[in-house]
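Asks: Structure provided below as structure tokens; questions to follow.
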Amino acid sequence: GENLIRWEEDIPLEPFNRPFVIVDSISMNGAELTLHYNQSIVADINVTNVGLQGCNGGIVSMTSDSQLLTISVGESTFEALEPDASQFIENAFQIALGDSIHDWTHIPFTLTTQFGDETYAQEYEIEVLSPNITAELINIDDSQGDNDQRLDPGEFVSLTFRITNTGHYRAESPRISLANNEGYIRVITSEIPINDLEVNESTEITFDIYR
């Protein structure tokens with residue numbers, strides 16, 4: 001067996017003998033930090049003075065280096081706080097998420113509290129839910145040609161695809177396009193609009209092409 005020697009000792013922690021204000025909670029649109037793409041957001045925060053002295057108020061700012069996040073209102077103020085006192089700030093920040101964010105993207109941002117000569121930065125992440133569209137070729141209809149389900153020269157062919165939303169948020173009025181990058185075929189129907197697709201929902205669409 002192995003010998004085990006248990007050693008316990010108190011570690012002294014020196015309290016902040018001065019004001020020290022932190023953000024101890026944040027919510028976005030009344031919920032946690034899981035949001036969806038193309039969304040406008042208001043953020044509420046709660047600040048608390050965890051120091052041993054009162055402060056005369058200060059500023060909380062929100063910043064992010066991400067191009068996927070637009071901050072339209074990024075600064076809010078709080079009033080004087082005695083030790084252990086808190087203040088809830090409604091609509092502290094206003095932000096917007098872009099419409100081309102991949103599913104389950106994590107967007108970092110920073111909340112910085114400024115009070116007197118002190119600053120304190122806290123790091124957060126927004127988790128973004130988005131649709132993810134997949135396409136599966138399920139039928140080749142060349143009945144106007146030799147009906148061998150192959151793309152032969154000189155044939156008009158209909159290609160049917162199963163379109164599925166495998167993401168974690170509904171796809172709102174998506175438009176599905178078919179493009180030929182090699183020049184071997186001509187796409188007759190190049191784009192098809194479809195109705196909203198909920199998560200894990202599928203639909204079928206057909207493109208007409210000529211080879």
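The values are calculated or read from the model by the stated rules, or taken from the named source; none is laboratory data. Every value quoted in this text rests on a predicted model; they were computed, and no experiment measured them. Every residue, glycine as well, gets a Cβ built from its backbone with ideal geometry; the counts of neighbours run over all protein chains shown. Ligands, DNA and RNA are stripped out before the accessible areas are found, and what is left, the full protein with its side chains, is counted by its heavy atoms. Shrake-Rupley method; radii C 1.70, N 1.55, O 1.52, S 1.80 Å.
Asks: Two decimals is fine: what is log10 I(q)/I(0) at q = 0.15 Å⁻¹ for the chain, from a Debye sum with one equal scatterer on every Cα and no solvent?
Replies: So the normalised log intensities work out to -0.96.
Asks: Can I ask one more? At most 16 other Cβ atoms within 10 Å and a DSSP loop assignment: could you name the GluC sites (Glu not before Pro) in the stretch 17-94 that fit?
Replies: Numbers: sites: E32, E75, E79, E90; in loops: E32, E79.
The qualifying sites are E32, E79.
Asks: What accessible area per residue, rounded to a whole number of Å², is obtained for the stretch 1-120 using a probe radius of 1.4 Å?
Replies: Values: 7760 Å² over 120 residues.
Ligands and nucleic acids excluded, the figure is 65 Å² per residue.
Asks: Mind checking which of A80, A96, A179 has the largest fluctuation in a GNM of the chain, springs on alpha carbons under 10 Å?
Replies: Maximum fluctuation in the GNM of the chain, among the listed residues, is at A179.
Asks: Under 5 Å between amide hydrogens, which residues at least 5 positions from H168 or on another chain qualify, with H placed 1.01 Å from N in the peptide plane?
Replies: It is S130, N132, by chain and number.
Asks: Compute a Gaussian network model of the chain, connecting alpha carbons closer than 10 Å, and tell me which residue from Y37, Y184, Y169 fluctuates the most.
Replies: Of Y37, Y184, Y169, the Gaussian network model singles out Y184 as fluctuating most.
Asks: What does the charge count around P153 come to, taking other residues whose C-beta lies under 15 Å from its C-beta (Lys +1, Arg +1, Asp -1, Glu -1)? Write out the running numbers ahead of the final one.
Replies: Working: positive: R150, R186, R211; negative: D142, D146, D148, D152, E155, E182.
Value of the local net charge: -3.
Asks: With the full set of protein chains in place, find how many percent of the accessible area of the chain is carbon and sulfur; take the probe as 1.4 Å.
Replies: On the way: 5890 of 13320 Å².
Of all accessible area on the chain, carbon and sulfur atoms account for 44 percent.
Asks: In debye to the nearest 20, how big a dipole does the chain give about its Cα centre with +1 on each Lys and Arg Cβ and -1 on each Asp and Glu Cβ? Before the final figure, lay out the partial values.
Replies: Working: 8 positive and 36 negative charges, 107 e Å.
Around 520 debye, computed over the chain.
Asks: Using alpha carbons only, how many angstrom separate the centre of the stretch 67-127 from the centre of the stretch 144-188?
Replies: The stretch 67-127 and the stretch 144-188 have Cα centres separated by 45 Å.
Asks: Please compute the Kirkwood hydrodynamic radius of the stretch 115-174 from all pairs of different C-alpha atoms, in Å with one decimal.
Replies: Details: mean 1/r = 0.0617 Å⁻¹.
When all Cα pairs of the stretch 115-174 are included, the Kirkwood radius is 16.2 Å.
Asks: If you don't mind, there's one more thing I want to ask. In percent, what relative contact order does the chain have, based on Cα pairs under 8 Å that are 6 or more apart in sequence? Write out the running numbers ahead of the final one.
Replies: Numbers: 514 pairs, mean separation 34.0, N = 211.
Relative contact order, the chain: 16 percent.
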